[in-house]
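Reading through the structure tokens given below for one structure.
Read-outs throughout are calculated quantities, based only on the coordinates presented, and are distinct from any laboratory measurement. If you're wondering where the values come from, they're calculated on a predicted model, not measured in any experiment. Virtual Cβ from ideal backbone geometry, glycine too; neighbours counted across all protein chains shown.
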Amino acid sequence: MTLTEIRIHGRGGQGNVVAANLLAMSAFETGRFGQAFPNFGAERRGAPVVAFVRIADQTILRRCQIQTPAFLIIQDEALMHIPGVTDGLLPGGKILINSSRPATEFSVAEETELITLSASSIAKQYLGRPVPNTALLAAFLSLTGLFPIDALVKVLAHKFSGDVLEHNTQLIRAAAKQVPAGQWKETIHATSA
């Protein structure tokens, strides 16, 4: 069974849990299986939040937290300074960070590939609010080719309509173009359980 595990780190109010759910629901849109669940302590705005996503081509039986993800999505670059954020990342794992800084300014293991995207800025431009989750998901899907960007658009169409959906669709398409499409595709094919 091919199983892709993703850990999403953010802060309360950034849409971390929503991002995990959107990614799992996008998997369903493509006929795959998805699982998403959060882990957080005291619920307060700004507190660190972790969400977990599993995507597979068969029913997912695992119910534990993801200790060794192939991918990390970091919604706040300041979280890179918190011990444990990158713990367990598989060798050759990939990290996508919401940051306007270049990837070279972040310290990670030598075999880890890190890409930055100014997701908050893109969101502010298209949505009027600096919520990075949807932009990061679009970039992640573009990088990995896990499934088409349109799956994410379809999921959003179940929740939104009119101008809100149109602005989110524009955001998704713009964010996907900001990263090298398919660059992480080999990592998807290398993960299995």
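Overview of results
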quantity: Cβ crowding within 10 Å averaged over residues, with 81-88, 28-35 ranked highest first; calculated: 28-35, 81-88
quantity: Packing-based order for 136-146, 112-122, using average beta carbon neighbours within 10 Å, highest first; calculated: 136-146, 112-122
quantity: Charge context of residue 70, other residues only, Cβ under 9 angstrom, K/R +1, D/E -1; calculated: 0
quantity: Correct choice for Kirkwood radius over Cα pairs in Å that was computed from the model, options (1) 16.4; (2) 19.6; (3) 17.9; calculated: (1)
quantity: Neighbourhood net charge (13 Å Cβ-Cβ; Lys/Arg +1, Asp/Glu -1) for residue 4; calculated: +3
quantity: Whether the stretch 61-100 is rounded, prolate or oblate, judged on the alpha carbon gyration tensor where a/c under 1.5 counts as rounded; calculated: prolate
quantity: Considering only the chain, percent of DSSP beta bridges that pair antiparallel, nearest 5; calculated: 55
quantity: Whether the stretch 140-188 is rounded, prolate or oblate, judged on the alpha carbon gyration tensor where a/c under 1.5 counts as rounded; calculated: oblate
quantity: Fraction of antiparallel bridges per DSSP, the stretch 24-114 only, in percent to nearest 5; calculated: 55
quantity: Gyration tensor verdict on the stretch 15-68 (Cα atoms; rounded if a/c is under 1.5, prolate if a/b is larger than b/c, oblate otherwise); calculated: oblate
